[in-house]
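Notes follow once the structure below has been shown.
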Amino acid sequence: MQAEKKDIRALTKEQLRDFFVKSGDKAFRGNQVYEWLWQKGAHSFEAMTNISKSTRQMLEDNFVINHIKVDVMQRSSDGTIKNAVRLHDDLIVESVLIPTDTRTTACVSSQVGCSLDCKFCATARLKRMRNLNPDEIYDQVVAIDNESRLYFNRPLSNIVFMGMGEPLMNYNNVLKAIDKITSEEGLGMSPRRITVSTSGVPKMIRKMADDEVRFKLAVSLHSAIDETRTSIMPFNSTFPLADLREALEYWYSKTKSRITYEYVVWKGINDQRKDVEALIRFCKFAPSKVNIIEYNPIDDGEFQQAPSDAIDMYQALLQQNGITVTVRRSRGKDIDAACGQLANKS
Ligand code: SAH
């Protein structure tokens, strides 16, 4: 029986060089193939034109390239693009390109589905099927970089891990993908242009701080009152706000990197003065800013966006307390590409 072929992109550059030396070739061949895989984004061995035919055949006999495939690309009237991406085992994830006048942001997925159970998020209903590999995350970024060049004549400028999944539940692979994205042998992007968004897993936030990562951190807070937060994000009962707060203080003490809190204001849930006051107290523990995002309805209307006077109250009180606040409108709603809407509908 033939052994199952290995995914060549699971090898490091060193391992690839070793492989060539062991098969009687030069280590340098490893560099060439590595460059094809990571810088030139080759989807097949055949495409590696400066490698001899016999070597390409030998690679074909030993390895596969598990490249993702953009199955469906949808374009929104506001320019947003959503990719439905097929993985080698036929599972699908989604990623989104968000253009503004000056930037192109990629919003990428870290898991197929999600293990968390946020009541307001469409992805939560899919449950978690599996973690993405580092190259599956990297490929989503490359696909969007290519689309950005093609449709907007500029390279990708920013990345947010705000697609499907909880990045800190797939931390090692997310970190490997970011290493590749930021390395000169990959896309050479600055880590300061990358934001990892989490629902707040305290242990992993501490780990990130210890690892001295250089990307930015966003936390989906939505409420600074335990009872309320647990009712909309049930895992909060396992990781209560006091633990999260301590982890965030630790993060700031180690990284000196300001935290962004993502926050949706819902009617009847967190639209009162006491909710804002709790948020203000929470924000005082570590330098932070608040990003109020619009609610994107996903269903039967259990959740509703609070009216604008509630948002105005948040904005005014936060500002009075010296906390930076931005209010952001959603993009790509007409193609279900906005925050919390990624659920493989197409
Ligand atoms: N699991 C990570 C990243 C994915 S969610 C996290 O929780 O941060 C990306 C952002 O979209 C989060 O802030 C999330 O709370 C928010 N979100 C989820 N569903 C939403 C919805 N229906 N409308 C608006 N934002 C939503």
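One residue stands out in the stretch 111-148 among those that are among the basic types (K, R) and in contact (Cβ under 8 Å) with a residue 60 or more places away in the chain: the one that is farthest from the ligand (Cβ to nearest atom), namely R125. On inspection, R103 does not qualify as away from the ligand (no atom under 13 Å from the Cβ), farther than 18 Å from A338 by Cβ and in contact (Cβ under 8 Å) with a residue 40 or more places away in the chain.
Restricted to the stretch 239-346, the set of helices (runs of 4 or more DSSP H) holding at least 3 residues that are away from the ligand (no atom under 15 Å from the Cβ) and without any contact (Cβ under 8 Å) to a residue 12 or more places away in the chain comprises 308-320. The one condition from (1) farther than 27 Å from Y295 by Cβ; (2) more than 16 Å from the ligand (Cβ to nearest atom); (3) part of a helix (DSSP H, G or I) that E184 does not meet is (3). Given the condition touching a residue at least 40 places away in the same chain (Cβ under 8 Å), hydrophobic (A, V, I, L, M, F, W, C), within 15 Å of the ligand (Cβ to nearest atom) and farther than 22 Å from W38 by Cα, answer yes or no: does some residue in the stretch 155-167 qualify? Yes, the conditions are met somewhere in the stretch 155-167. If you go through the stretch 271-308 and keep only what is in contact with a strand residue (DSSP E or B) (Cβ under 8 Å, 6 or more places away or on another chain) and among the polar types (S, T, N, Q), you end up with S288, N291, Q304, Q305. Taking the criterion of being touching a Leu at 6+ places or on another chain (Cβ under 8 Å), closer than 13 Å to V112 by Cα and part of a strand (DSSP E or B), the residues of the stretch 83-97 that qualify are V93, E94. Against the definition (in contact (Cβ under 8 Å) with a residue 60 or more places away in the chain and within 17 Å of S110 (Cβ to Cβ)), how does N173 come out, yes or no? Answer is yes for this residue. So, in the stretch 98-147, of the ones that are in a helix (DSSP H, G or I) and in contact with a Cys (Cβ under 6 Å, 6 or more places away or on another chain), which residue ends up surrounded by the fewest Cβ atoms within 10 Å (Cβ to Cβ)? The selected residue is A124. Going by what's in this entry, would M204 be described as farther than 29 Å from P99 by Cα and either within 14 Å of the ligand (Cβ to nearest atom) or not in a helix (DSSP H, G or I) (or both)? So M204 passes the test. Of the residues making up the stretch 26-45, those that are at pLDDT 95 or above and in a loop (DSSP other than H, G, I, E, B) are K26, F45.
The values are calculated or read from the model by the stated rules, or taken from the named source; none is laboratory data. Every value quoted in this text rests on a predicted model; they were computed, and no experiment measured them. Here the Cβ is made from the backbone with ideal geometry for all residues, glycine too, and neighbour counts use every protein chain on show.
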